[in-house]
Amino acid sequence: MPHSYRAGFKERGEQWPRAPSPSELPLPPWPTPPPSNASPPPFYNASPLSPFDAALTTPPVLSAAQADLIRQQWDDRVASNLPVPRMVKDVWGFDPTQVVNKLADLGLPSSDKIFIPRHLLVEYANSVQTSIGQGHLDSVSAALSIFSHICARITENYKGYPMGSFRRVLNKCHGMWPEVAFGCGDGDTWQTIGAFVHIVKGRVEVSSSFADVFVNVGNVERDPLLAPVPTKYNDFIFPDGWRKRAMMPSDWRDPNLPLHFDLDMHSAPLDDDTLLPAKYLASMLTHSLRTHATGVVIKGTMVTLYYGDRFILAKSAPFDFVRQPALLILVVAALSNAHPTALGFVQELKLNRVANKMSLHGSTLTFNEALDADCNIGEPFVFEVRTKERTLFNSGEAVGRGTFVVPVVMRQHSDPSVVDGRPMVVKMSWSFPNTGCMPEIEAVRAVRKSFVKYEPRALRHVVELVASNTTNARHLGLPGAFMDDAVQYRSFNTIVMINYEPLENISSADDFVVVIVDAMKGHYWCYEYGAVLHQDISTKNIMFYFEGNKLYGVLTDFDLARPRIDVEEEAQRACEWDIQLGTSFAGTPEFLSIESCSPVNVPVHQFPHDLESFFWVAILHFATHDTVFHDYGSIPAWLPTNNPVDVAISKAKFIYNGDGMEYFKDSDPAYAELIKEWVGPLRRLFRGTAVKLVEDGLMEYNADGTIEEARGWTRATLRSLPPRGSEGMPTFEAFMRCIGVDPSDFVVGSHAGSSSDSSDSEYEM
C-alpha cells in the first residue's frame with residue numbers, strides 16, 4: 001500500500017480499511033447484467049475533458065480502409081447483449097461456482113468472500129489514459145492493479161494457460177495492439193496472446209459507489225441459464241482435469257433451459273464502438289492456429305466481453321464493474337483459469353514454452369484419431385511446428401474458410417527423437433455445407449486412388465496426403481455453435497501434406513515450362529481418371545519439388561473441387577433448358593475465365609474454364625515474375641479489389657484488341673521467347689470466351705473485329721460467333737499444341753489429333 005494513501009486517510013480522520021470479520025460482511029446476491037437500455041451510472045461523466053487531463057482518452061484509431069475491411073467481414077454477423085454469466089460459461093467453460101478464494105484452501109476465515117479495497121477503485125478513477133508526467137497514474141496500471149488484486153485472491157487452475165496473467169503490452173511495433181493482454185510474457189505476439197483487454201478511460205468521478213467491495217463467492221444465486229447439466233451428460237471436463245466445452249446431445253433439451261441464444265444474426269451491423277475490438281479479434285484469428293478469439297473492453301467503468309470466430313461476432317451486455325463487481329471477478333477468474341482451448345487455440349496444439357514466453361515455433365500438434373494416407377487409424381500423429389525455417393500462410397480474412405497453413409516436421413509418437421525428414425504442412429480450414437464442392441480430403445483421396453489404378457505417373461503431379469481429420473463445430477465444442485444453430489454443422493478440416501516450393505521460386509523460363517505442363521497434366525488426369533474438377537487454378541496452387549535433380553510440377557489446394565458428374569449434369573441441364581444455372585464464380589478472381597465474371601447468369605464452371613485460368617497464370621507470370629528475387633508483381637487491371645466485370649473486360653480487350661501487350665514491357669528478359677511463342681496462339685484459342693460477356697450487353701464488336709464497352713443487347717453479334725456447346729470449347733489437347741507440347745503421350749484415348757484440329761480451326765482468326 002503506498003504510504004501517501006495511508007497518510008491521506010489519517011489527514012481526513014478516516015480509518016485505514018481492514019479485513020472485516022465474517023459477521024460484518026454483507027451477503028449480496030450474484031448480480032445480473034443491466035438491461036441494454038440502462039442509463040449510465042451517475043459517476044460516469046462524458047463531458048469534455050479539461051486541459052489538465054487532455055490525455056484521458058487516446059484510444060487507437062483505425063484508418064478508413066481498415067474500418068471498411070472490418071465491416072466487410074463482420075457486418076450482419078454481430079450478436080449483442082448476451083448475458084455475461086452465460087457467455088462466460090459457453091466461451092471459457094467457467095461459471096460462478098468455480099470462483100474459489102485461496103483462503104478456502106487454508107481453512108481461514110472470510111474464505112467465502114473476495115475483497116476489493118476502495119483505494120484501487122479511486123486510483124482508477126483518478127488515472128489518465130496515457131502517462132503525462134511523474135505522479136499521474138495511467139489507467140492501464142490502475143486497471144492492472146485491480147486485476148492483480150483479484151488474481152491474488154482466487155484459486156487458479158494449474159492446467160490453465162501456462163504462465164497466464166494480465167500484462168501491459170509493450171511490443172506494439174507490429175501493427176495496432178490493445179493496451180493489455182492476457183498472456184504469458186512481455187514477448188507475446190498475435191500468435192500466442194490468450195485474450196485482449198482494451199481500455200478506454202474517460203472521466204470517472206469518485207462517488208459514494210466507490211466503497212470497499214466484498215463479494216460472496218460461497219453462496220451465490222445462479223443465473224437460470226446456468227442450471228446444472230444433467231449428470232449423465234456432464235462431460236465438461238477433460239480426462240486429465242482440463243475444462244473443455246463439449247457437444248450437447250440434442251435429446252436432453254429442457255424447455256426451461258435453452259441450449260442456444262435466440263440470435264438474429266442479420267439485424268446487427270457493426271457499430272463504431274465494435275470496430276477496434278473486431279480488429280483485435282481478426283488479428284488473433286489470422287495469426288495463429290485458432291478456432292475463435294476473445295477479449296474484454298473497458299470503457300470508463302463499463303465492461304463488455306467480445307467473442308469472434310469464422311462465422312459470428314458476439315458481445316455481452318455491458319456491466320458496471322463498480323456497481324457489479326461480482327461480474328468483474330467472474331471474468332477475471334474465468335480468464336485466469338481458462339485452458340488454451342477455451343481461449344481459442346485448436347485443441348491439438350501444445351504451445352512451446354521458451355524461457356518466460358510462449359512460441360508457436362517448436363509447438364506440437366498431436367492428432368490422436370487422424371486417418372493416414374490409406375484411410376486407416378493407427379498410432380497418434382505428432383508434428384512439430386517449424387515457423388523459423390519456413391513461413392506460415394493464412395488467408396488474411398477473419399470470416400470464411402479461415403485457411404491456415406503451418407510448416408511442420410513429423411515425429412514418431414512412440415519415440416519423439418525419430419523425425420521424418422520430409423518437409424510437411426498442416427492445413428486447417430472450415431468448409432461450408434451446400435456449396436456443391438467436395439471436401440478437400442475426399443477429393444485428394446479420390447484422385448490419388450484412381451491414379452494408383454489407372455495412371456501411376458500422375459501421383460507425382462498431385463499433392464501427397466500424409467494424414468487428415470474432419471469434424472464439425474458442434475463436436476469441436478466451438479462456442480459459436482452454442483450461440484447460433486446455423487454454425488453447428490460447419491466442417492473443420494485438417495490435412496497434413498508434403499510441403500512444396502511455390503511457383504514464384506522458379507529461377508528460369510525452362511523450369512516454368514516444366515512446372516506448368518506437369519500441373520496441367522495433373523489437372524487433366526484428375527478430371528479424366530479421378531472424375532474431379534479443381535476449379536481454383538492460380539499461382540498459389542501450382543507448386544514444384546525436386547526429386548534428386550529432376551524437377552516436377554504439382555497441383556495443390558482442392559478446396560473448391562467438384563465431382564465431374566455433378567459438373568456435367570449441371571451443364572447438360574443448362575444446355576437442354578437453354579439457361580445458365582450458375583449463381584457465382586468459383587476460384588481466384590485474378591485468374592478466372594472471362595465469362596465466369598459475368599454479373600448475372602454465371603455459366604456452369606467446366607473444364608475449359610480451368611484451362612483458361614492456366615492461360616491467365618502464364619500471362620501474369622510472364623508479365624511480373626522476377627527470376628532473381630523470386631516474387632510476383634501485379635497487373636493493376638486485375639487486382640482482387642477491382643470489380644470482377646472490369647477484370648473480365650480488361651482480359652477480353654487483351655484477347656481481341658491486343659490491348660494489354662504493354663503488360664510485358666517490363667517483363668523479365670528470360671521470358672521473351674515464351675511470350676513470343678505462347679501468347680499469340682493462346683489468345684486465338686480463348687477468344688470465344690467473351691461470348692457470355694457480350695450476351696450480357698457489356699461489349700459489342702466493331703466492323704474491324706475489335707470490341708468496345710457498350711450498352712444494350714447485341715443479339716446479332718451473338719449469332720455470328722461460334723456455338724458454345726462442348727465442341728466449341730477449348731480442349732486440353734489444343735492448349736498443349738499451342739505451347740508446343742505433344743499431348744499424345746498423356747492424353748486419355750486416341751482423340752487427341754481430331755479434338756485439337758477441330759478446336760484450332762474453329763477459333764482461327
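Worth a mention:
- Computed magnitude of the charge dipole of segment 390-447 (debye, nearest 20; Cβ of K, R +1, Cβ of D, E -1): 100
- Extension gain (nm, one decimal) between residue 475 and residue 672, 0.36 nm per residue minus Cα-Cα: 65.5 nm
- For segment 507-553, the Cβ-based charge dipole about the Cα centre amounts to some 60 debye (Lys, Arg positive; Asp, Glu negative; other atoms uncharged).
- Amide H contacts for residue 731 (H built 1.01 Å from N in the peptide plane; partners 5 or more residues away or on another chain; cut-off under 5 Å): none found.
- Dipole axis of segment 443-571 (+1 Lys, Arg; -1 Asp, Glu on Cβ), positive-most option in 465, 545, 500: 465
- Cα gyration tensor, segment 422-519 - rounded (a/c under 1.5), prolate or oblate: prolate
- The charge dipole of segment 292-372, taken about its Cα centre with unit charges on the Cβ atoms of Lys, Arg (+1), Asp and Glu (-1) only, comes to about 400 debye.
- Heavy-atom accessible surface of segment 364-433: percent carbon and sulfur, 1.4 Å: 52
- Remark: the Cα gyration tensor places segment 609-652 in the oblate category, a/c being 1.5 or greater and a/b not exceeding b/c.
- Computed from label points 7 Å out along Cα-Cβ, the spacing between residue 323 and residue 741 is 7.1 nm.
- Multiplying the residue separation of residue 449 and residue 514 by 0.36 nm and removing their Cα-Cα distance gives an extension gain of 21.0 nm.
- Table column - 3J(HN,Hα) (Hz), segment 661-670, Karplus curve with 6.51, -1.76, 1.60, x for Gly and Pro: 5, 5, 3, 9, 5, 10, 6, 5, x, 4
- Rolling a 1.4 angstrom probe over segment 512-564 with all protein chains present gives an accessible area of which 49% lies on carbon and sulfur atoms.
- A simple rule links phi to the HN-Hα coupling: the Karplus curve 6.51 cos²θ - 1.76 cosθ + 1.60 with θ = phi - 60°, which for segment 417-430 gives 6, 8, 10, 6, x, 6, x, 9, 9, 9, 10, 10, 7, 9 Hz, with x for Gly and Pro.
- Net +/- balance of residues flanking residue 555 in space, Cβ distance below 13 Å, scoring K and R +1, D and E -1: -3
- Close amide H partners of residue 588, meaning residues 5 or more places away or on another chain with modelled amide H under 5 Å apart, are 537.
- A cut-off of 5 Å between modelled amide H atoms, ignoring neighbours fewer than 5 places along the same chain, links residue 533 with 562, 564.
- Stretchable slack from residue 75 to residue 459, in nm (0.36 nm times residue separation minus alpha-carbon distance): 133.9 nm
- Among the listed pairs 279/350; 550/651; 449/550; 540/676; 299/350, a Cα-Cα separation exceeding 30 Å is found for 550/651; 299/350.
- Couplings 3J(HN,Hα) of segment 282-299, computed from phi: 5, 5, 5, 5, 9, 10, 8, 7, 10, 9, 7, 9, 9, x, 10, 10, 10, 10 Hz, in residue order, whole Hz [Karplus 6.51 cos²θ - 1.76 cosθ + 1.60, θ = phi - 60°; x for Gly and Pro].
- The heavy atoms of residue 545 present about 40 square angstrom of accessible area, all protein chains included, probe 1.4 Å.
- Surrounding net charge for residue 626, when Lys and Arg each add one and Asp and Glu each subtract one, Cβ distance under 11 Å: -4
- Surrounding net charge for residue 61, when Lys and Arg each add one and Asp and Glu each subtract one, Cβ distance under 12 Å: 0
- Heavy-atom surface of segment 282-417, accessible at 1.4 Å and reported per residue (Å²): 33
The values are calculated or read from the model by the stated rules, or taken from the named source; none is laboratory data. Computed from a prediction, not measured in an experiment: that's the story for all the values here. In this analysis, Cβ positions are derived from the backbone assuming ideal geometry, glycine residues included, and neighbour counts consider all displayed protein chains. Please note that ligands, DNA and RNA were not included when accessible areas were found on the heavy atoms of the full protein model with its side chains. Shrake-Rupley method; radii C 1.70, N 1.55, O 1.52, S 1.80 Å.
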